[in-house]
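The values are calculated or read from the model by the stated rules, or taken from the named source; none is laboratory data. Since the structure is predicted, the reported quantities are computational estimates derived from the model, not experimental observations. All Cβ positions, glycine included, derive from the backbone under ideal geometry; neighbour counts span all protein chains shown.
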Amino acid sequence: MKKISKILLFFFLISVIPAFAGGFLDSIKNGKASVELRFSFEYSDLDDAADLDSAKGITLRTRLGFMTEEYNGFSMFFQMHNVSQLLDDYRWPGGGDAGYDPIADPDGSRVHQFYFTYKFNNYVALKAGRQEVIFDDARLIGNVGWRQNGQSFDGAVLSVNTSNNSLAFAYIYRLNTIFLTHVNVDGFYAIHDTFTMNKNLKVSAFAYLLDTESDSPDSRDSGTYGVRLFGSKDNVKYDFTYAIQNDFADGENHGGNMINAYFEYKFENFAIGAGYNMISGQDGNDRPFDTLFSTAHKFNGWADQFLATNGGKLVNGLDDYFVQFSTVIAKHKLVMVYHSFDTNEDVTYGEKYGDEIDMLVLRKLNSNLTVLLKAAFYNAKNYENNPTTDETVIWFRAIYKF
């Protein structure tokens, strides 16, 4: 299946290039360049057993892109990416200074995106090449946009869009990670559909089939199936997702599930919300739920204590109860979130993990420049064998786009 998919992708690309080349000069001349500069300062103090020094990092992310004008339905997008370290008192998997706490931002360059798009008509389009892929709220498939390097995928996405329905089929054969590494898979196959029921309700249904290169029954190979209902009515916003995971390809003992629920009420210039996220852990022979290739930082606290959900290694599972308050004051967006984290299973640990307070202040100074200050304060409960630990993380960022 992997070879057939790659052959089809190859023939699509060689058919695109000649068709596109006919109007190449005009497409280039009428294309549009893009530049994004993202300056980031990050401080991370992890109360780990090794008592390492607090991490401090200053990095500059530069992304240079170019989108050609559409020609006979064809277009092309190319985006180069570089992260430079101005202060590198931190470590990351595979590099950095081992005497410091971690920050997940290695330095380096790569092609972040390079894809061709062909629009068959006003409804159907095929995008092939290296690209960011985000489904729904990025809970299972996302671009990890918060980290400086981000995440992209090599493959193809066929989309069919009408006035009330968006259907996508994706085939992915390689993941480009936030650590500037690559992970090949035999195939990741996705079907995602979002239907607009009415002005107050949208419904998404999805199936994600992961076939890694491993032939072991302990591999991540799995099938993930779910549904999401989201929308708003008057001053109430709601969002509910349920997903289950079963065996696929060589993987065995997948039987986990996930629940996301969030309700928000807005009044005047304020909004207050409450939510619950459940990730099942090891339950007998059933393995923990794997949140696949998600933008995990967006969920379960900004201190990133529970990133093991990506990979299905949070054996004790997670119950995340949270409340959120947001407002806009003098053009400053303010967000505060309180999390209470508990185990879902008690395989190796059966007590409360801890609590976290997250805060964000964001100001868009003009159409090109945005600045933000963000902080996360995680407090681990003082219980024996607690796998989490106290952590304080502070960010300052300035993003300039043109």
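Restricting attention to region 281-298, which residues are without any contact (Cβ under 8 Å) to a residue 60 or more places away in the chain, outside any loop (DSSP other than H, G, I, E, B) and buried (at least 23 other Cβ atoms within 10 Å of the Cβ)?
287
Pick out the one residue from 359, 278 that is among the hydrophobic types (A, V, I, L, M, F, W, C), closer than 29 Å to residue 217 by Cα, in contact (Cβ under 8 Å) with a residue 12 or more places away in the chain and out of contact with any helix residue (DSSP H, G or I) (no Cβ under 7 Å at 6 or more places or on another chain).
278 is the lone residue from the list that is among the hydrophobic types (A, V, I, L, M, F, W, C), closer than 29 Å to residue 217 by Cα, in contact (Cβ under 8 Å) with a residue 12 or more places away in the chain and out of contact with any helix residue (DSSP H, G or I) (no Cβ under 7 Å at 6 or more places or on another chain).
Can you work out which of the residues in region 249-268 that are surrounded by fewer than 17 Cβ atoms within 10 Å (Cβ to Cβ) and of a type in the set (D, E, K, R) is farthest from residue 285 (Cα to Cα)?
268
Would you check if there is a residue in region 231-248 being buried (at least 16 other Cβ atoms within 10 Å of the Cβ), at pLDDT 95 or above, at negative phi and part of a loop (DSSP other than H, G, I, E, B)?
yes
For region 351-364: of the residues being outside any loop (DSSP other than H, G, I, E, B) and charged (D, E, K, R), which is nearest to residue 324 (Cα to Cα)?
358
Which one is nearest to residue 151 (Cα to Cα) among residues in region 112-131 that are basic (Lys, Arg) and buried (at least 19 other Cβ atoms within 10 Å of the Cβ)?
130
Please specify each residue of region 110-153 satisfying the condition of being charged (D, E, K, R) and within 30 Å of residue 277 (Cβ to Cβ).
132, 136, 137, 139, 147, listed by residue number.
Just give me the residues in region 307-350 being in a strand (DSSP E or B) and within 15 Å of residue 283 (Cβ to Cβ), in sequence order.
Residues satisfying the conditions are 318, 319.
Which numbered condition in (1) touching a residue at least 40 places away in the same chain (Cβ under 8 Å); (2) surrounded by fewer than 17 Cβ atoms within 10 Å (Cβ to Cβ) is the only one that residue 152 fails?
All conditions are met except number (2).
Which one of these is in contact (Cβ under 8 Å) with a residue 24 or more places away in the chain and closer than 23 Å to residue 75 by Cβ: 117, 194, 177?
Working: 194 fails: closer than 23 Å to residue 75 by Cβ; 177 fails: closer than 23 Å to residue 75 by Cβ.
Every option except 117 fails the conditions.
Looking at region 58-79, I want the residues that are in contact (Cβ under 8 Å) with a residue 12 or more places away in the chain and surrounded by fewer than 20 Cβ atoms within 10 Å (Cβ to Cβ) and have a partner that is of a type in the set (Val, Ile, Thr) and not in a strand (DSSP E or B) with Cβ atoms under 7 Å, at least 6 apart or on another chain. Which pairs are those?
none
Output the residue which, of all residues in region 27-48 that are aliphatic (A, V, I, L, M) and in contact (Cβ under 8 Å) with a residue 60 or more places away in the chain, is farthest from residue 85 (Cα to Cα). Can you show your working first?
Of region 27-48, the ones aliphatic (A, V, I, L, M) are 28, 33, 35, 37, 46.
Narrowing the set further to residues that are in contact (Cβ under 8 Å) with a residue 60 or more places away in the chain leaves 35, 37, 46.
Numbers: 35: 19, 37: 13, 46: 21 Å.
Here the answer is 46.
Within region 365-402, which residues are assigned to a loop (DSSP other than H, G, I, E, B) and over 24 Å from residue 60 (Cα atoms)?
381, 382, 383, 384, 385, 386, 387, 388, 389, 390 - these are the residues of region 365-402 that are assigned to a loop (DSSP other than H, G, I, E, B) and over 24 Å from residue 60 (Cα atoms).
Table: residues versus (1) under 30 Å from residue 234 (Cα atoms); (2) hydrophobic (A, V, I, L, M, F, W, C).
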residue	(1), (2)
149	no, no
167	yes, yes
176	no, no
182	no, no
188	no, yes
194	yes, no
201	yes, yes
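Of the residues 170, 205, which single one is closer than 30 Å to residue 281 by Cβ, within 17 Å of the chain's Cα centre (by Cα) and small (Gly, Ala, Ser)?
Working: 205 fails: within 17 Å of the chain's Cα centre (by Cα).
Exactly one of 170, 205 is closer than 30 Å to residue 281 by Cβ, within 17 Å of the chain's Cα centre (by Cα) and small (Gly, Ala, Ser), namely 170.
Which of the residues belonging to region 299-319 are surrounded by fewer than 21 Cβ atoms within 10 Å (Cβ to Cβ) and touching a strand residue (DSSP E or B) at 6+ places or on another chain (Cβ under 6 Å)?
319
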